[in-house]
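Just so you know, all these numbers are worked out from the coordinates, no wet-lab data involved. Please read all numbers here as calculations on a predicted model, not as lab measurements. Here the Cβ is made from the backbone with ideal geometry for all residues, glycine too, and neighbour counts use every protein chain on show.
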Amino acid sequence: MQNLTLVYKIGDEILKSENMQREKRFIQHANVSTYEHSVNVARMSLVVAQILRAKVDKVSLIRGALLHDFFLYDWHDKTAMPKAHAYLHPLIAYDNAKKEFKLNAIEKNIIQAHMFPISIVMPKYRESWIVVLADKVCAIQEVISNLKVRASVSILKSAQFYPVII
């Protein structure tokens, strides 16, 4: 809970921005919005930093994590996205973020390098490497969580219930 509070405190300007609010309408993984995913990645980045006992710039870590997927389109809509979304969206996210927010070198690198090893830009900072890892962990959690729900619903739908005769 403490990490989530810190994310909302440090990320207040970003989270309240009009474009970040738009991200609530875009699905990132399974049934998780891009907004929720970004908050999850920021929180998980703090957890990873704590586990590793890494000395990090928490402000840059949180801000970069919140903006890592700031590409502002529904990547499931093939007409709205570039053909190479996986490779290009970090650069698009950075381009959008720098128009709205003053970014430092760490935040810039976090956004541009978060898709390592398939990204065009290499992670240069401890914070960047942490967000790379946190993003992967969150993506897996979000997809698996949805699969569990879908499997449970499927089992319930296929179950045959028999009346109990007393």
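Efficiency by 1/(1 + (r/R0)^6): what FRET value for Asp12 and Gln141, r their Cβ-Cβ distance, R0 = 25 Å, to the nearest 0.05?
Values: r = 25 Å, r/R0 = 0.99.
Taking R0 as 25 Å, the efficiency between Asp12 and Gln141 is 0.50.
When the Kirkwood hydrodynamic radius is evaluated over all pairs of different C-alpha atoms of region 29-145, what value in angstrom, to one decimal, is obtained?
14.0
What does the charge count near Pro90 come to, summing +1 for each Lys or Arg and -1 for each Asp or Glu among other residues with Cβ under 12 Å from its Cβ?
-2
Report the net charge of residues surrounding Glu36, where surrounding means a beta-carbon distance below 12 angstrom and charges are Lys +1, Arg +1, Asp -1, Glu -1.
Local net charge: 0.
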